[in-house]
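Colleague: Please see the structure below; I have some questions.
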Amino acid sequence: MKMNARLLSRGMKWWPPFLGAGIRVRSMSDDFRDAVVELKLGRLNCNYVGTHFGGSLYAMTDPFFMIMLLHNLGGDYLVWDKSGSIEYVAPGRGTVQAHFHLSGARVAEIRAQAAGGEKVLPEFEVYVKDQAGGIVARVRKVLYVRLKPKHRPE
């Protein structure tokens, strides 16, 4: 799957789950190793008590590790979200951000673990932070990674 990072981040602006929640991709590096996603509090994404709706906080973090790893591993691999969880740490008010980072060493580690054709379940964590840098939520993602059948050793 080949796609330019800039085109993808612009396109995500119009992706219905992000558009409706007010989620914006602020930046995505050309190598798909770093991304910054932002969510401003508004009347369409606040909860009953006037803070960020938890579903919007999770949605802003949902696809990024999968997309980033998929682009970094290349077309020989299957990459899927397997599970995810969110821990709400503090009420989210105002604008919140999540910064995703995928190191070259982590990509190499996952590639080595999957080289024999078996499935790998790497875990990732990202924090949603408020404008002062305080943690609003901690999100954990588990991905499924495996070489595609035609690339697996026999």
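Colleague: What's the longest uninterrupted piece of the chain once you rule out the chymotrypsin sites (Phe, Trp or Tyr not before Pro) that are loop residues per DSSP with at most 15 other Cβ within 10 Å?
Modeller: For chymotrypsin sites (Phe, Trp or Tyr not before Pro) (loop position, at most 15 other Cβ atoms within 10 Å), the longest site-free span of the chain is 49-154.
Colleague: Please say if segment 26-84 is rounded, prolate or oblate, where rounded means a/c under 1.5 for a ≥ b ≥ c the square roots of the C-alpha gyration tensor eigenvalues, and otherwise the choice is prolate for a/b larger than b/c and oblate otherwise?
Modeller: Verdict is oblate for segment 26-84.
Colleague: Counting only heavy atoms of protein chains, what accessible area per residue, in Å², does the chain have with a probe of 1.4 Å?
Modeller: Accessible area per residue: 56 Å².
Colleague: Along the charge dipole of the chain, pointing to its positive end and built from +1/-1 on Cβ of Lys, Arg, Asp and Glu, which listed residue (His52, Leu143, Ser85) has its Cα farthest out?
Modeller: Selected residue: His52.
Colleague: Sticking with the crude label model, points 7 Å out along Cα→Cβ, report the distance from Leu44 to Leu7 in nm, one decimal please.
Modeller: 2.6 nm
Colleague: Something else now. Starting from the residue with the highest accessible area, list His101, His71, His52, His151 in decreasing order, probe 1.4 Å.
Modeller: His101, His151, His71, His52
Colleague: Count the net charge of all other residues whose Cβ sits under 15 Å from the Cβ of Val145, scoring Lys and Arg as +1 and Asp and Glu as -1.
Modeller: Counting the neighbours of Val145, the net charge comes to +3.
Colleague: Can you return the lysines within cross-link range of Lys150? Criterion is Cα-Cα under 21 Å, with same-chain partners fewer than 8 residues away left out.
Modeller: Cross-link targets: Lys2, Lys119.
Colleague: Quick one: longest stretch of the chain between exposed loop trypsin sites (Lys or Arg not before Pro), exposed meaning at most 16 other C-beta atoms within 10 Å and loop per DSSP?
Modeller: Longest stretch, sites excluded: 44-92.
Colleague: Would you list Glu118, Glu123 from the most to the least accessible area, probe 1.4 Å?
Modeller: Glu123, Glu118
Colleague: Run lengths n ≥ 4 of DSSP H only: what is the helix-derived mean residue ellipticity at 222 nm for the chain, with -39500 (n - 2.57) per run over all residues, to the nearest 500?
Modeller: Theoretical 222 nm ellipticity from helices: -7000 deg cm²/dmol.
Colleague: Another question, if that's okay. With Cα Rg over 2.2 N^0.38 Å in mind, check [x] 1.22; [y] 1.35; [z] 1.10 and report the label derived from this structure.
Modeller: Answer by label: [z].
Colleague: Within the accessible area of segment 1-143, what % is carbon and sulfur when the probe is 1.4 Å and the other protein chains stay in place?
Modeller: Carbon and sulfur: 54 percent of the exposed surface of segment 1-143.
The values are calculated or read from the model by the stated rules, or taken from the named source; none is laboratory data. Keep in mind the model is a prediction, meaning the values are calculated, not measured. With ideal geometry, Cβ positions are generated from the backbone for all residues, glycine too; neighbour counts draw on all protein chains shown. Remember, those area values only see protein heavy atoms, side chains included, never the ligands or the DNA or RNA. Shrake-Rupley method; radii C 1.70, N 1.55, O 1.52, S 1.80 Å.
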